[in-house]
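The values are calculated or read from the model by the stated rules, or taken from the named source; none is laboratory data. What you see is a predicted model; the values in this text were computed from it and never measured. Reconstructed Cβ throughout: ideal geometry from the backbone, glycine too, with neighbour counts over all protein chains shown. Surface accessibility is based on the protein's heavy atoms, side chains included, excluding ligands, DNA and RNA. Shrake-Rupley method; radii C 1.70, N 1.55, O 1.52, S 1.80 Å.
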Protein chains: 2
Amino acid sequence: MTMTTEAKASTRERLLEAAATLTYREGTGVGIQALCQAAGVSKRSLYQLFDSKDELLAVSLERGAPAYKAWLLPPAGDDRSPRERILHVFGQLESQSAAPDFQGCRYLAVQIELKDPTHPASRVARGVKDDLTGFFRAEADRGGARDPDLLARQLMLIFDGASARAGVGADDLAGLVSPTVGGLLDAAGLR
Amino acid sequence: MTMTTEAKASTRERLLEAAATLTYREGTGVGIQALCQAAGVSKRSLYQLFDSKDELLAVSLERGAPAYKAWLLPPAGDDRSPRERILHVFGQLESQSAAPDFQGCRYLAVQIELKDPTHPASRVARGVKDDLTGFFRAEADRGGARDPDLLARQLMLIFDGASARAGVGADDLAGLVSPTVGGLLDAAGLR
DNA sequence: ACCAACATAAACCGATCGGTTTCCGCTTCT
DNA sequence: AGAAGCGGAAACCGATCGGTTTATGTTGGT
């Protein structure tokens, strides 16, 4: 057997990483030539690892999702209150928005750029967004919100709005997100 | 004189209209071939009316801005309260979001698609967004909000968030926007 | 009736698109 | 050492990109 475990997984990983980086910075319209060059991989290798550019984008987005969630969401077995756990998410967003290369939530951007909701990458993006909505609703529920579904939708409104505004450089979110979310949680009666 | 008034303005107008329609539906990446075909105009005419595709996009966006504002904002000499005037904007957004071909705010989409903020079309889009922010701030001020600047930023958060969420089909905004904005206005002490 | 301006269709330009194929070097196993 | 296969470089495919040019109407003014 040829080292089944431990694997370096290099060529595929480099492609996925390059796809993640370049499509975020330049949009989903980046050429596969640029992708391959950035990854140091030949087009030949690309097309024997993936069926198409679309699939590469989708897999790249999907592979990055767990890390994104792990970074955005609080640990599962957290002892903090739902309120604090929800605010944690927005704190992460706000801190990320300070980065010089921040361009907003990549999953939202992908859905906007690829107008077609049936595009594989768009489907993956929608799934990630749905997961975040689910987190909000679960916490809203746990915190005894008056209308957990409504609160979850409101939080997503703020999340995507903040992400988009900061992503296009229209706002830096400083002193904006926390009070807004706080007000929402108060109004929802989140204990 | 060759009919200075009354003008049919056909060729240029058709191009601007086609640009508005197609870039909204398909994104800023549409080819000029498709643009010309939709407008029933030759590429030659395009390039003697505009310097480049980028300029065409920018002019198209700019030409549509007054109509957009007229539709979105309440009449200038309105006798309604600031609160009602602000809610009018969100009512318009919500009603627009029901349309089957709604894809979110085109000015936000343009900024996200063209990552480059110096792109002429991106500059135009930013200007329109700034105008809306200015409207919110003016109304917040007039209504005696505790912190008019903060309220304006919050309202833009909601506006862009709602536009993006509805645009990608993640939410239909029904029963979501009005209570959320209402809560914000209450919290800001808008009389 | 003639002329000038404008708009069209279509060929053309070099560059790039997504995707395929050929060739060749390098590693790795036997 | 020899065989097998992975992966990189690069040519190649037809199509399209943004943009230019030529040649052919078509129109309206005098």
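For the stretch A:172-191, a drop of 50 Å² or more in accessible area on going from the chain alone to the assembled protein chains (1.4 Å probe) is found at A:L176, A:T180. When B:D54 is represented by a point 7 angstrom out along its Cα-to-C-beta vector, the spacings to that point in the other copies are 3.0 nm, nearest first. Measuring nothing but alpha carbons in the protein assembly as shown and taking Rh as the Kirkwood radius, the Rg to Rh ratio lands at 1.01. Relative to the other identical copies, B:A98 shows label-point distances of 4.4 nm, where the label point lies 7 Å from Cα along the Cβ direction and values run shortest first. Enter the angle in degrees (range 0 to 90, nearest 10) between the Cα long axis of helix A:177-187 and the first principal axis of the Cα atoms of chain A, meaning the one along which they spread out most. Approximately 50 degrees, to the nearest 10. Each peptide in B:73-86, B:176-189 was scored by the mean count of other Cβ atoms within 10 Å over its residues; highest first, the order is B:176-189, B:73-86.
Placing a label point 7 Å from the Cα of A:W71 along the Cα-to-Cβ line, the residues of the stretch A:18-36 whose backbone N sits under 15 Å from it are A:18-25.
Distance from the Cα centroid of the stretch B:41-118 to that of the stretch B:151-191 is 19 Å (rounded to whole angstrom). Using a probe of 1.4 angstrom and keeping all protein chains present, the accessible surface of the protein assembly as shown works out to 47 square angstrom per residue. So what's the angle, to the nearest 10 degrees on a 0 to 90 scale, between helix B:82-96 and the longest Cα principal axis of chain B? In chain B, helix B:82-96 runs at an angle near 50 degrees to the longest axis.
Among chain A residues, the one whose Cβ is nearest the axis of the rotation from A to B, given with its distance rounded to whole Å, is A:G161, 1.
Once backbone amide H atoms are built at 1.01 Å from N, A:G104 has A:G167 as its partners under 5 Å, excluding neighbours fewer than 5 places away on the same chain.
Rounded to the nearest 10 degrees, the angle from helix A:120-142 to the longest Cα principal axis of chain A is 20 degrees. Overall, the accessible surface of the protein assembly as shown at a probe of 1.4 angstrom is composed of carbon and sulfur to the extent of 52 percent. Ranked from shortest, the separations from the 7 Å Cα-to-Cβ label point of B:G29 to its equivalents in the other copies are 0.7 nm.
When the surface is traced with a 1.4 Å probe over the full set of protein chains, A:C36 keeps roughly 10 Å² accessible.
A full extension of the chain between A:I32 and A:E84 corresponds to an added length of 14.5 nm, given 0.36 nm per residue minus the alpha carbon distance.
Binning the alpha carbon pair distances of the stretch A:1-111 at 5 angstrom intervals from zero yields the distribution 2, 10, 18, 18, 15, 13, 10, 8, 4, 1, 0, expressed in whole percent. Calculated on C-alpha atoms, the gyration radius of chain A divided by its Kirkwood radius gives an Rg/Rh of 1.03. Just name one of B:S45, B:Y24, B:A34: the one whose Cα is farthest towards the positive end of the charge dipole of the stretch B:8-50 (beta-carbon charges, Lys/Arg +1, Asp/Glu -1). Highest projection toward the positive end goes to B:S45. Residues A:Y47, B:Y68, ordered by accessible area of protein heavy atoms at a 1.4 angstrom probe radius and largest first, appear as A:Y47, B:Y68. Lysine pair count for chain B (Cα-Cα distance under 29 Å; residues 8 or more apart in sequence or on different chains): 11.
Mean per-residue shielding of peptide A:111-122 is 4, counting Cβ atoms of other chains within 10 Å of each Cβ.
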